[in-house]
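Single-structure report; data block below.
Since every read-out is calculated from the coordinates, none of them should be taken as a lab result. Because the structure is a prediction, the values reported are computed rather than measured. Quick reminder, even Gly has a Cβ in these numbers, built from the backbone with ideal geometry, and neighbours come from all protein chains shown.
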Amino acid sequence: MRRWSQVSTGWLLTAIVVTLGSGKASAADPQKVATQVDALLAREHFGGTAKASDRPAPRAADETFLRRVSLDLIGELPSPADAATFMLDHGASKRAAAVDRLLANEKFGVNWARYWRDVVFYRRSDDKALYAAPILEAYLTKQFNEGAHWDEMARQFITATGDAKADGNTAIIVAQMANPADTASEISRIFLGIQIQCAQCHNHPFDRWRREQFHELAAFFPRVGIVGKGKGAASVVSLTKAQNVKGMGRRELEHFMPDLKNPKAKGTLMQPVFFATGKKLDEGLADEERREKLAEWLTAREDGWFAKAFVNRVWSELVGRGFYEPVDDLGPDRKCSAPKTLDYLSKQFVASDHDVKWLYRTIVATAAYQRQSRSRPETSGAPMSATCPQRLRADQLYNSLAAALEFGEEAPSQAKKQDKNKNPGKNPAGRRDRINRTFGYDPSLRREDIAGSIPQALEMMNSTDLNRAISARQANTMLSKLLAEVKDDEKAVGELYRRCLARAPKPAELKVCLTYIGECKDRNEAFEDILWSLVNSSDFLYRE
């Protein structure tokens, strides 16, 4: 293996090539970009460090890598058969081939649609907006699986109009009930990673953004509203006259910055100005013109925050920590842990034409992604020296339980009946919904701010559904079938580990399990306890 200082950078002279006649840059090879990312990180983080804990961690074992990349890309564990095939492959390109298969899997779109669903709706202004969450999930699934480009998706969200129960690109506006200030805040946070809403009532306490700049951004959105079209239906529309909008009161066509000294006053009329560049619109433009121009300026190639915000967020989800943290708090006054590396990767992402799959393929090809995990305190000096263990998102946890215990999605009628029995008077929810309600969290939070809770522990330890699925004495459970087919205890223990943790048990683990089985008078009970311990272990609940 070459030393860091020996990584060649000569290929960078031709990394960005303009396609003749198209005006668009060509994407560089993901592996070459990954190599250069690692070289830049080495110079920014590891050069001259004397602390052993700050040096790059060793490469993760194959079984660790496969579990990690499967959870990251498609949101579920590799099957025992897929894991066995991967481990028997001794080719140098087997990791890249596994990544290609996962990115081609339709579950890639589902997994990341659920992630962005949570980004959009965890900071909703009204719970009534949640009816649009499944529509957003379906929309994003299709976009990601069909090779989405992030700039095109952002423009669709910002300029959206249409039936909120059919058009997923209306979701950000719906989540904020078309309130101009709330919509502007979320557009900035999600697509630029800039928390300009902190300047809504006063100049930003930590950044350069002024109160006027926040309200100039909100001035792009006063002419968009949500109107009803029949019972339980709504549409995002462009307003052409001041009118009463259901749930929002009197809706004016312009945005006024409130007078803090006289809240009853109309306030100061604001003209739309994009705070990141200072570009401004003429007065009186229609809603479509305002939002289309904002979308154009926000996704412009010369503005670095749009690409950096997406790269930073995806890097954080994959590697375990972002260049900026929290992942939605970027800006010229914020500290970046490796600015040259982020700048380079963001420019390459732009050169790929904001190709989402290109970015995933590139990041998982880096040595930074493929290293062993270390806790955050261990990597405080050089934060990218190892990946960080991450608590599974609710949907990943549900998928892992479903795969390990062999229970599938409930039919809507079955879920409704069971949930009404347990929660009379509440909206029905199936197993996945209950896991999401209990284990869900805002994915924009810092990793260290995401902790387990008593309801989560009780769900895993005492849930009727889980206890039934773990049982070896009930017919047709995974464990009852396994113990009937596999009489050798050592082989049965190995099968449980492969199902739950996507790896074989370590010698010490196997010894403990076999000793316990030998001491327990009831084989079924012993294996139930082992399976229960596995699904409640940190190895199961976290992704290394």
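Excluding residues fewer than 8 places away in the same chain, name every one of the aspartates and glutamates whose C-alpha is closer than 13 Å to that of Lys521.
Asp529
Which length gain, in nm to one decimal place, applies between Ala504 and Lys487 when the Cα-Cα distance is subtracted from 0.36 nm times their residue separation?
Length difference between fully extended and current span is 4.3 nm.
For the pairs Lys241/Lys266; Lys165/Lys357; Lys142/Lys279; Lys142/Lys165; Lys165/Lys308; Lys142/Lys357, flag any whose C-alpha to C-alpha distance is greater than 23 Å.
Lys165/Lys357; Lys142/Lys279; Lys165/Lys308
Starting from the 7 Å offset along Cα-to-Cβ, what nm value, one decimal, do you get for the label separation of Ala286 and Asn476?
Going from the Ala286 label point to the Asn476 one covers 5.9 nm.
Spin-label point model (7 Å from Cα, Cβ direction): what's the Ala138 to Lys521 distance in nm?
5.6 nm
Label 7 Å along Cα→Cβ of Ser380; segment 311-339 residues with amide nitrogen under 20 Å?
320-326, 335-338
Quickly estimate the mean residue ellipticity at 222 nm for the chain, helices only: each DSSP H run with n ≥ 4 gives -39500 (n - 2.57), and the total goes over all residues, rounded to 500.
Rounded to the nearest 500, it is -14500 deg cm²/dmol.
From the square roots a ≥ b ≥ c of the eigenvalues of the alpha-carbon gyration tensor of the chain, which class results: rounded (a/c under 1.5), prolate (a/b over b/c), or oblate?
oblate
Under 8 Å for C-alpha pairs, at least 6 residues apart: give me the relative contact order for segment 113-298, rounded to a whole percent.
The value is 19 percent.
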